[in-house]
Amino acid sequence: MSQQNSNIQQDLLKKVGGNFEYKMIILNLFSNLHYEISANKSNNIISQNISNEGQTFVEQLLIDNKLLSKSFGFELGKYIPKMKSKISIGYDFNNRLNDILINNNLKSVKSIQNGLNLKFNSNYFTWLTLDYNFNYFNSKREAINVNKFISNLKVLFYFFENHSFGIYKDDYVYSFDKQNFKNQFIDLSYQYTFKKSKIDLDFKWSNVLNIKSYEEVILNDYSTTSNVFTIRPSQILMSVKFNFK
């Protein structure tokens, strides 16, 4: 149940940050570094009252609320001409300190988020394109810890002229309180191009494994939420693309 007992929310935001980029063309290196510090003061705060039965009553009150956030990150990458490949690694950090009101007790909550990502792209073979992304996220709020792993693989084959075949594999894994929520998806695609008529004929087989649901865990400033979404079953879609140029 929710209720609003406050005026229109007003925020005073102060922010300072910067971004630095560096490229060394001779060695095919590139990098960037960014940081930001922000302070936000609001005239409203979200109040949560939790009963003994577990029912939550959410209310927005006219009480000053402060939020302090610090973040920084970097990315370092390199292109390898002989391999016709590009690889990069990045890291992001965010530290938040904000006020919350639970059962009429005003307290400051500290949350920390870390993110690590790895990207790889290769066009070494004329008949193959490979893209791979890996992301790791860690969210902490007091004694609560949630880990999230995401990997995306895309492989395109060009064995014959005017033909392309694709494999797409996506994994989403959430780890929370000794529990793992795993989501794995595979898609397949085929495309044939009629060069003279400039028409592409596409076939895509989505959700090959026929996964029925998607599970996730979200950690925010107030709560930890587990969501389960029902998704579309396995299906095959055909489409035709025209180019009038």
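Pairs of Cα atoms nearer than 8 Å and 6+ residues apart set the relative contact order; for segment 103-180 it is 24 percent.
Counting only Cα atoms, the size of the chain along its three principal axes is 70, 49, 43 Å, in decreasing order. Taking chymotrypsin sites (Phe, Trp or Tyr not before Pro) across segment 188-224, none is in a DSSP loop with at most 12 further Cβ atoms lying within 10 angstrom of its Cβ. The residue list Asn183, Ser206, Phe194 was ranked by how far each Cα lies along the charge dipole of segment 179-219 toward its positive end, using unit charges on Cβ atoms, and Phe194 comes out on top.
Shown in residue order for segment 167-183 are the 3J(HN,Hα) couplings computed by the Karplus curve 6.51 cos²θ - 1.76 cosθ + 1.60 at θ = phi - 60°: 10, 10, 10, 10, 10, 10, 10, 10, 10, 8, 6, 6, 10, 10, 10, 9, 10 Hz (x for Gly and Pro). Assign one of three labels to segment 52-196, namely rounded, prolate or oblate, based on the Cα gyration tensor with a ≥ b ≥ c the square roots of its eigenvalues; rounded applies when a/c is under 1.5, prolate when it is not and a/b is larger than b/c, and oblate otherwise. Here segment 52-196 falls in the prolate category.
Computed on segment 50-197, with alpha-carbon pairs under 8 angstrom and 6+ residues apart, the relative contact order is 14 percent. Of the peptides 26-32, 61-67, the order by per-residue mean of other Cβ atoms within 10 Å, starting with the highest, comes out as 61-67, 26-32.
Taken one residue at a time, the phi angles of segment 114-129 give Karplus couplings (6.51, -1.76, 1.60, θ = phi - 60°) of 10, x, 10, 9, 10, 10, 9, 9, 9, 10, 5, 9, 5, 9, 9, 10 Hz. Gly and Pro are set to x.
In the elastic network of the chain, a GNM with C-alpha springs shorter than 10 Å, the most mobile of Ile150, Ile46, Ile199 is Ile199. Think of a 1.4 Å ball rolled over the protein heavy atoms: the chain then has 68 Å² of accessible area per residue.
Taking the Cα centroid of segment 150-202 and of segment 38-81, what is the distance between the two, rounded to the nearest whole Å? Rounded to whole Å, the Cα centres lie 35 Å apart. Nonpolar atom fraction for segment 38-130, defined as the carbon and sulfur part of the 1.4 Å probe accessible area, stands at 59 percent.
By the rule of a C-alpha distance below 17 Å, with chain neighbours fewer than 8 residues away ignored, the lysines paired with Lys78 are Lys23, Lys86, Lys119.
The values are calculated or read from the model by the stated rules, or taken from the named source; none is laboratory data. Just so you know, these numbers come straight off a predicted model, no measurement behind them. All Cβ positions, even for glycine, are placed from backbone atoms using ideal geometry, and neighbour counts span all protein chains on display. Protein only, heavy atoms only, side chains kept; ligands, DNA and RNA dropped before computing areas. Shrake-Rupley method; radii C 1.70, N 1.55, O 1.52, S 1.80 Å.
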